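Values in this text are rule-based calculations from the coordinates and carry no lab data. As the structure is a computational prediction, the values presented were derived from the model and not from experiment. A quick note on method: Cβ atoms are made from the backbone with ideal geometry, for glycine too, and the neighbour counts reach across all protein chains shown.
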Amino acid sequence: MNTFAQAYQWVNLRYLLEGLWITVEVSVISIIFSFLIGAVFGLLRYMKIKYLSMIVGFIVDIIRNLPLLLIIFFTYFGLPNILGVRFNTLWATIIAMTVFESAMLAEIIRSGILAVDRGQMEAARSNGLTYWQAMYHIILPQAIKKMIPPIVSQFISLVKDTSLATIIVLPELMYHAQVIYGQNTNFMIPMFLALAVLYFIVCYALSLLSRFLDRKLSEA
Amino acid sequence: MRLKKKNWLLIPMLLVLGLTVLAGCGQKSVASEDVLARDKANKTVVWGVKSDTRLFGLMDIKTNQIQGFDIDIAKELSHRIYGKDVKIDLVPVTSNTRLPLLKNGNVDALIATMTITPERQKQVDFSDVYFDAGQAILVKKGSPIKSVKDLKAGTKVIGVQGSNSVDNVKKAAPDTRVLQLADYAQAFTALKSGQGDALTTDNGILYGMSSDDPNYVVVGGTFTNEPYGIAVNKGQKPFLKAINKNLKAMRQDGTYHKIEQKWFGKIQGFHQGR
Amino acid sequence: MFEIFQNYGSQLWSGFGYTLLSSLYALIGSLVIGTLFALFEISPIKPPRVIGKIYVEIFRNIPLLVIAMIFYIVVPQYFAKIDGFTAGTIGLTIYTSAFIAETVRAGIESVDVGQMEAARSNGMTYIQAMRFIILPQAIKIVVPPLGNQFINLVKNSSVLAFLAGFDLMYQGNIIASTTFKTTDTYFAVGLLYLIITLPMSYLMRYLEKKWSTEGDEA
């Protein structure tokens, strides 16, 4: 028990919480960006605009079939070479997460709309609604309800996947835990326990949010 | 689905085409401005350093500051080149990430336990040698492995991705299996977990690990010479000159010796090992 | 990029092999464990239901890297000696099994219970009803998401790179740091991942589309 008390002394806890803060920061920014971009890409793909939808679909399919780790490496090492810009680990991670998660979300959103669309769009149009009216009043409300659970579980994956950025030395939760147990191996079990608990709290909070939203929408 | 039959063929073709074009673009390097002049104007210098390597660059959890021999040298050089009021930015790198980060311009220079090798000299320029290390192996006390010669078939040796010690040990002990981990903290943890029979890298780093946990000892002396240099991008001659000039001055006025003593003065066996 | 394939082809393909192998082992393992916990979750008795729920919630909400690291460095110190490839594959199996449990549970629950009774009252045996009525529907519901889990599995197997697991990502990192041709190497590595994941992904979308329209017509 003494090891645990030592491992959880305030300096270490504070260091872990500093890491957690970076994890949350990266997650929140990436969630916002990727939701917006994912929604636009998902809609573009769904709308079947000649060429544009196909190109978007092609890019989305490539990105979502690659490992996130590869995209992180590529963003941090390769992209600056190609674009001639440089970013620090924080922004490299945010960009990589946004690129990957946007593609994943675009697919969720496209198939979500598609699942509702069948027949309903035509019915709405033949009742005199315009395309956007039908979309806004008939299709999207149903689609959003269907999409919330997969979207939120994608966000949960995003939070978990920020841990991969340890490999480019982003000072997030996982990395800070590694620093602590790297300097004192006795702290390994307490640190992994802390990691499990902290990630669980953040992710479980998100899934509770999903259930809450789900209930809210069912009532409405 | 939008994809008609013939489009199925189009996808792999587009893929190869796109990748080839992008890969071609990847060859051009970031146009490098004069780092010395820019840093002088901005009063900021960015060093790539290790943050997981005891004695050279290790994160202090209490203060959230990186400390070590490399760090002290970097700070002293910064003050001498740019003046006392310069802002010193320390970016943690690993052996695997350091070169791309320098070439991408994320850091101005690397002082990160980096051996000067001919292959690396094709990529970047090195300063004069600022530290003489040599590769050795670290094992658990009482291990049957006494030197690099004992790394026979069936043994596993742990190294770090991007370090030249991995290539060296493959030459010195061709039959051993090399496991490459992301950084030194991970490598040492893996050794303690029994993932390998020995850990190999430069003796200075190994003595740092051994001073951290005396159950692990450096054995067999060094089997290579590893002269450490400070790396800067090609075409940064003024910056490199300033580094070399001040390194020399630091050696002459005793500052270098003081820093060396601070970190390695108390390390048992280190000087015999060299 | 072609240069990388020429000079380091054998390393890349060996990494490709380990990636595929780890993914296959983990797929089989997580199918078995996942189905088991799905059955736990829908059990009429409370204790297995609670165990199933806890298992799924824990492993869905903790990063794969944390799970894999525990098997790589904690388990060998206190329990059994396992290497990076095994540790990573076990981590992948456990992590994925939580998702598969959810998929299978949802699949079983979505097939109407009334159908079994209807089939039985029409003179079918239990086995016949399962074989001709329930399973064909359940498979159509479960296969596309399971396929997507396999794609995730292949992508997630890159976590082996953290554990010296000799997979594609690990080999890519080593090639990148020896050749200094970072961009080219990661393009080559990406291409090899796409060889596995892209066809899978199109196949799953095709099946999803085919089966969902069939459902509409019926």
Apply the Karplus parameterisation 6.51 cos²θ - 1.76 cosθ + 1.60, with θ equal to phi minus 60°, to every residue of the stretch A:170-186 and state each ³J(HN,Hα) to the nearest whole Hz, in sequence, with x for glycine and proline.
7, x, 9, 3, 4, 5, 5, 5, 4, 4, 5, 6, x, 8, 8, 4, 4
For the stretch C:106-203, just say rounded, prolate or oblate: build the C-alpha gyration tensor, square-root its eigenvalues into a ≥ b ≥ c, call rounded for a/c under 1.5, and beyond that prolate if a/b exceeds b/c, oblate if not.
prolate
Those lysines that a straight Cα-Cα span of less than 26 Å connects to B:Lys245, excepting residues fewer than 8 apart in one chain
B:Lys40, B:Lys43, B:Lys50, B:Lys75, B:Lys84, B:Lys87, B:Lys103, B:Lys122, B:Lys234, B:Lys237, B:Lys258, B:Lys262
Calculate one ³J(HN,Hα) per residue across the stretch B:175-187 by plugging θ = phi - 60° into the Karplus curve 6.51 cos²θ - 1.76 cosθ + 1.60, and present them in order as whole Hz with x for glycine and proline.
8, 6, 9, 9, 9, 10, 9, 6, 8, 5, 4, 5, 5
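Select from the stretch B:50-82 those trypsin sites (Lys or Arg not before Pro) which occupy a DSSP coil region and have at most 11 other Cβ atoms within 10 Å, ordered by residue number.
Working: sites: B:Lys50, B:Arg54, B:Lys62, B:Lys75, B:Arg80; in loops: B:Arg54, B:Lys62.
For trypsin sites (Lys or Arg not before Pro) across the stretch B:50-82 that sit outside H, G, I, E and B with at most 11 neighbouring Cβ atoms in 10 Å, the list reads B:Lys62.
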Counting only DSSP loop positions in the stretch C:1-105, the chymotrypsin sites (Phe, Trp or Tyr not before Pro) whose Cβ has at most 16 other Cβ atoms within 10 Å are C:Phe79
Separation between Cα centres of the stretch A:206-220 and the stretch B:232-258, rounded to whole Å
62
Tell me what chain A gives for mean residue ellipticity at 222 nm when only DSSP H runs of n ≥ 4 count, each as -39,500 (n - 2.57), the sum divided by the residue total, rounded to 500 deg cm²/dmol.
-25500 deg cm²/dmol
If I fit a long axis through the Cα atoms of helix C:84-110 and take the longest principal axis of the Cα atoms of chain C, what angle between them do I get, 0 to 90°, rounded to 10?
20
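I'd like the mean, over residues of A:14-25, of how many other protein chain beta carbons sit within 10 Å of each residue's own Cβ.
Details: counts 3, 5, 1, 0, 2, 0, 0, 0, 0, 1, 0, 0.
Mean shielding count: 1.
Going by the alpha-carbon gyration tensor, a ≥ b ≥ c the square roots of its eigenvalues, is chain B rounded (a/c under 1.5) or, if a/c is not under 1.5, prolate (a/b greater than b/c) versus oblate? All intermediate terms of the calculation are to be shown ahead of the outcome.
Working: a/c = 2.11, a/b = 1.12, b/c = 1.88.
It is oblate, given that a/c is not under 1.5 and a/b is not larger than b/c.
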Two-site label geometry, A:Lys50 and A:Tyr204: point separation in nm, points 7 Å out along Cα→Cβ
5.5
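What's the FRET efficiency of B:Asp253 with B:Val129 using the Cβ-Cβ distance as r and R₀ = 30 Å, to the nearest 0.05?
It comes out at approximately 0.95.
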What's the average, rounded to a whole number, of partner chain beta-carbon atoms within 10 Å of each residue's beta-carbon in B:180-188?
6
Using the alpha-carbon atoms, what tilt in degrees (0 to 90, nearest 10) does helix A:10-47 show relative to the longest principal axis of chain A?
20
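Calculate, for B:Asp175 and A:Val197, the FRET efficiency according to 1/(1 + (r/R0)^6) with r their C-beta to C-beta distance and R0 45 Å; round to the nearest 0.05.
Values: r = 44 Å, r/R0 = 0.98.
After rounding, the FRET efficiency stands at 0.55.
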Using alpha-carbon positions, the gyration tensor of the stretch B:135-224 gives root eigenvalues a ≥ b ≥ c; with a/c under 1.5 called rounded, otherwise prolate if a/b exceeds b/c, else oblate, the class is rounded
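Enumerate by residue number the trypsin sites (Lys or Arg not before Pro) in the stretch B:150-235 meeting two conditions: DSSP loop (anything except H, G, I, E, B), and at most 16 other Cβ atoms within 10 Å of the site's Cβ.
Numbers: sites: B:Lys152, B:Lys156, B:Lys170, B:Lys171, B:Arg177, B:Lys192, B:Lys234; in loops: B:Lys152, B:Lys234.
Of the trypsin sites (Lys or Arg not before Pro), the ones in loops of the stretch B:150-235 whose Cβ has at most 16 other Cβ atoms within 10 Å are B:Lys152, B:Lys234.
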Taking alpha-carbon centroids only, the stretch A:48-112 lies from the stretch C:148-218 a number of Å equal to 14
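Extension gain A:Arg118-A:Glu219, at 0.36 nm per residue separation less the Cα-Cα distance, in nm? Walk me through the numbers before you get to the answer.
Details: separation 101, 0.36 × 101 = 36.36 nm, distance 2.44 nm.
Length gained, A:Arg118 through A:Glu219: 33.9 nm.
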With an 8 Å cut-off on Cα pairs and a minimum separation of 6 or more residues, tell me the relative contact order of the stretch B:152-198 in percent.
49
Please compute the average number of Cβ atoms from other chains found within 10 Å of each residue's Cβ in peptide C:69-79.
5
Expressed in nanometres to one decimal, the distance between label points 7 Å along Cα→Cβ at B:Lys234 and C:Ser212 is 5.2
Cα-based reach from B:Lys149 at 15 Å (exclusive), listing aspartates and glutamates while leaving out same-chain residues under 8 positions away:
B:Asp175, B:Asp197
In nm, to one decimal, how far is the B:Glu119 label point from the A:Trp21 one, both placed 7 Å along Cα→Cβ?
4.1
Search the structure for amide H atoms under 5 Å from the amide H of B:Val160, placed 1.01 Å from N in the peptide plane, and list their residues when 5 or more places away or on another chain.
B:Val166, B:Leu181
Return one number: the angle in degrees, 0 to 90 and rounded to the nearest 10, between the long axis of the Cα atoms of helix A:188-219 and the longest principal axis of the Cα atoms of chain A.
20
Tell me which of A:Ser157, A:Leu43, A:Ile82 sits at the most positive position along the dipole axis of the stretch A:2-219, charges placed on C-beta atoms (Lys, Arg +1; Asp, Glu -1).
A:Leu43
Between B:Val178 and residues 5 or more places away or on another chain, which pairs have amide H atoms under 5 Å apart, with H built 1.01 Å from N, and which residues are they?
B:Val157
Phi angles of the stretch C:129-143, converted by Karplus (6.51 cos²θ - 1.76 cosθ + 1.60, θ = phi - 60°) into ³J(HN,Hα) in whole Hz with x for Gly and Pro, give 4, 4, 5, 9, 10, 6, 4, x, 6, 4, 4, 4, 6, 8, 4
Please state the equivalent ellipsoid semi-axes for the protein assembly as shown: what are the square roots of 5 times the Cα gyration tensor eigenvalues, largest first, in whole Å?
49, 29, 23
Once the Cα gyration tensor of the stretch C:2-217 is diagonalised, what are the square roots of 5 times its eigenvalues, in whole Å and ordered largest first, as equivalent ellipsoid semi-axes?
39, 23, 11
Can you list the residues, at least 5 places off or on another chain, whose amide H is less than 5 Å from the amide H of B:Thr44, using H built in the peptide plane?
B:Lys87
Which of the lysines could a cross-linker span from A:Lys50 if the Cα-Cα distance has to be under 25 Å and same-chain partners fewer than 8 positions apart are dropped?
B:Lys4, B:Lys5, B:Lys6, C:Lys209, C:Lys210
